[in-house]
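**Student:** Here's a structure for you.
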Amino acid sequence: MCAMAFPVPRTCPFDLPAGYAALRTERPVSRVRLPDGQLAWLVTRYEDVRRLATDPRISADRGHPNSPYTELVTAQGRAAIAAVGRSLIGLDPPEHGPRRRMLMPEFTVRRVNGLRPHIQRVVDESIAALLAGPRPAELVTALALPVTSTVICELLGVPYADRDFFLDRAAVQVRRDVPPERRRQAGGELRAYLDRLVTGKERDGGDDLLSRLAARRNAEFDHDQLVGLAMLLLIAGFESTASMIVLGVVVLLEHGGAAAVPKDPAALGLAVEELLRYLSIVDTMPRVATADIEVGGVTIPAGDGVLLSFASANHDADTFDDPAGLRLGRGSRQHVAFGYGAHQCLGQNLARAELEIVFRSLFTRVPGLRLAVPLADLPFKRDASVYGLDRLPVTW
Ligand code: HEM
């Protein structure tokens with residue numbers, strides 16, 4: 001069987017890569033060749049993705065030599081990703097469960113509700129600055145990044161005095177119009193900063209996530225693990241939510257703008273679920289088979305890399321009616337935009353709160369919002385592992 005080159009870029013802004021629909025019906029588990037030349041298995045059907053996401057013979061270990069990378073990464077980059085992975089997202093049983101349970105109280109609906117006033121405040125401030133500034137404005141830097149990075153600051157307990165440094169480096173790290181060397185430098189500075197921050201929390205304590213975790217350190221969960229976890233929360237929680245904010249705004253604008261955003265909180269929640277499913281910004285997540293596994297008519301041999309396509313699963317016509325269509329009223333949590341199984345997104349309640357507050361506030365305060373350039377001219381991140389936009393020029 002010949003291996004298809006992967007990833008396949010999206011060509012229409014909101015459609016998944018062409019070919020996923022055919023794969024689901026013809027070769028639901030198919031061989032793909034990654035940018036570094038490695039081969040892996042791409043799993044595209046909803047039922048198969050969910051089955052494998054909960055299969056004990058599947059490992060999430062990002063340090064495994066066959067863990068599939070959908071972007072070209074240096075050996076140094078692989079080692080850094082594997083190290084961050086060992087803090088949680090790349091752990092398997094028996095280590096993963098206890099580590100996740102340590103973190104779960106930090107992400108309950110109650111905790112997230114406690115963060116809502118902070119989120120609302122930063123959204124209101126960003127919108128006020130937007131309205132007071134020139135037109136057109138750019139929504140990635142004016143709204144999406146300030147909101148998501150401030151939420152991470154609240155969560156990790158970054159002191160106010162350090163916020164400008166932190167927000168600046170965090171923003172640089174995800175901007176692709178900044179040279180790679182400067183982005184790497186910003187990433188290194190952030191890691192060094194988080195190391196110092198964790199050291200301070202270990203010494204002085206405080207009322208935030210890192211301080212509470214620092215107080216529970218033990219032989220398996222040491223200083224480096226805690227720094228890795230802080231890095232993971234930064235990476236996992238920051239760019240994906242910012243991408244959902246800007247892409248969500250564009251989709252809503254394309255579907256009627258302010259009129260499309262439900263006033264009723266429950267209906268708004270459903271609309272956010274449908275946007276998450278429809279956009280499916282995190283396409284694949286890497287796994288490795290630890291035993292021979294039969295799925296979708298093939299046997300994945302032990303040791304092979306596996307990519308679970310949550311995006312393809314979310315567009316499987318066997319599970320969702322008219323999957324390519326956006327129906328804001330149908331939203332349900334049946335989608336797998338936050339993954340499925342043991343590693344399902346820990347920050348999902350937080351992401352939902354951010355999205356609801358941003359969409360409601362933005363379209364209420366700026367009902368005349370519109371794109372400042374044609375849709376086709378927007379710089380979509382077609383080749384990035386998290387789909388998004390580099391810039392979103394808007395006016396009103
Ligand atoms: C719209 C925004 C977001 C999307 C689409 C998203 C998506 C995902 C997905 C698909 C996974 C599963 C990974 C896997 O199966 O290997 C995941 C895991 C995770 N996410 Fe999110 N995420 C978002 C926001 C956040 C936020 C705001 C945070 C925290 C501040 C966060 C923290 C995490 C963590 C810690 C994990 C790993 C959980 C584990 O391994 O047990 N995410 N996310």
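**Student:** Of Val140, Val112, Val84, Val73, which residue is aliphatic (A, V, I, L, M), over 18 Å from Thr241 (Cα atoms) and touching a Lys or Arg at 6+ places or on another chain (Cβ under 9 Å)?
**Tutor:** Values: Val140 fails: over 18 Å from Thr241 (Cα atoms); Val112 fails: over 18 Å from Thr241 (Cα atoms); Val73 fails: touching a Lys or Arg at 6+ places or on another chain (Cβ under 9 Å).
Going through Val140, Val112, Val84, Val73 in turn, the sole match is Val84.
**Student:** State whether one or more residues within the range 376-385 are closer than 30 Å to Met104 by Cβ and at pLDDT below 95. Even if it seems obvious, please write down each step before you answer.
**Tutor:** Here is the first cut: in the range 376-385, the ones closer than 30 Å to Met104 by Cβ are 384-385.
Still in the running and at pLDDT below 95: 384-385.
Scanning the range 376-385 turns up at least one residue that is closer than 30 Å to Met104 by Cβ and at pLDDT below 95.
**Student:** While we're looking at this one, here's another question. Would you check which residues across the range 261-316 are open to solvent by less than 10 Å² (accessible area, probe 1.4 Å), at positive phi and more than 15 Å from the ligand (Cβ to nearest atom) and list them?
**Tutor:** none
**Student:** Then there's this: Looking at Arg100, Arg51, which is the one that is closer than 20 Å to Phe338 by Cα, touching a strand residue (DSSP E or B) at 6+ places or on another chain (Cβ under 9 Å) and modelled with pLDDT of 95 or more? If you could, list the steps in order and put the result at the bottom.
**Tutor:** Values: Arg100 fails: touching a strand residue (DSSP E or B) at 6+ places or on another chain (Cβ under 9 Å).
The unique qualifying residue is Arg51.
**Student:** Which number in (1) in a loop (DSSP other than H, G, I, E, B); (2) closer than 30 Å to Phe363 by Cβ; (3) among the basic types (Lys, Arg) marks the one condition that Arg116 misses?
**Tutor:** Every condition holds for Arg116 apart from (1).
**Student:** Working only within the range 344-380, note down all residues that are within 16 Å of the ligand (Cβ to nearest atom), surrounded by fewer than 18 Cβ atoms within 10 Å (Cβ to Cβ) and outside any helix (DSSP H, G or I).
**Tutor:** Gln344
One line per residue, one yes/no per condition, for (1) open to solvent by less than 20 Å² (accessible area, probe 1.4 Å); (2) under 23 Å from Ala384 (Cβ atoms):
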| residue | (1), (2) |
| --- | --- |
| Met4 | no, yes |
| Arg27 | no, no |
| Leu42 | yes, yes |
| Arg45 | no, no |
| Arg50 | no, no |
| Ala53 | yes, yes |
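**Student:** Another one. Considering only residues that are farther than 24 Å from Val394 by Cβ, within 15 Å of the ligand (Cβ to nearest atom) and assigned to a helix (DSSP H, G or I), look in the range 153-189 and name the one that is most open to solvent (accessible area, probe 1.4 Å). Lay out the reasoning, then the answer.
**Tutor:** First pass over the range 153-189, keeping only residues farther than 24 Å from Val394 by Cβ: 153-166, 169, 179-189.
With within 15 Å of the ligand (Cβ to nearest atom) added as a condition, the list becomes 153-158, 166.
Filter again for assigned to a helix (DSSP H, G or I), leaving 153-156, 166.
Values: Cys153: 0, Glu154: 39, Leu155: 16, Leu156: 0, Phe166: 0 Å².
My answer is Glu154.
**Student:** Moving on. Considering only residues that are open to solvent by 20 Å² or more (accessible area, probe 1.4 Å) and assigned to a loop (DSSP other than H, G, I, E, B), look in the range 218-260 and name the one that is nearest to the ligand (Cβ to nearest atom).
**Tutor:** Glu220
The values are calculated or read from the model by the stated rules, or taken from the named source; none is laboratory data. Since we're looking at a predicted model, the values are computed, not measured. Please note: Cβ atoms are built from the backbone with ideal geometry, for glycine as well, and neighbour counts cover all protein chains shown. Remember, those area values only see protein heavy atoms, side chains included, never the ligands or the DNA or RNA. Shrake-Rupley method; radii C 1.70, N 1.55, O 1.52, S 1.80 Å.
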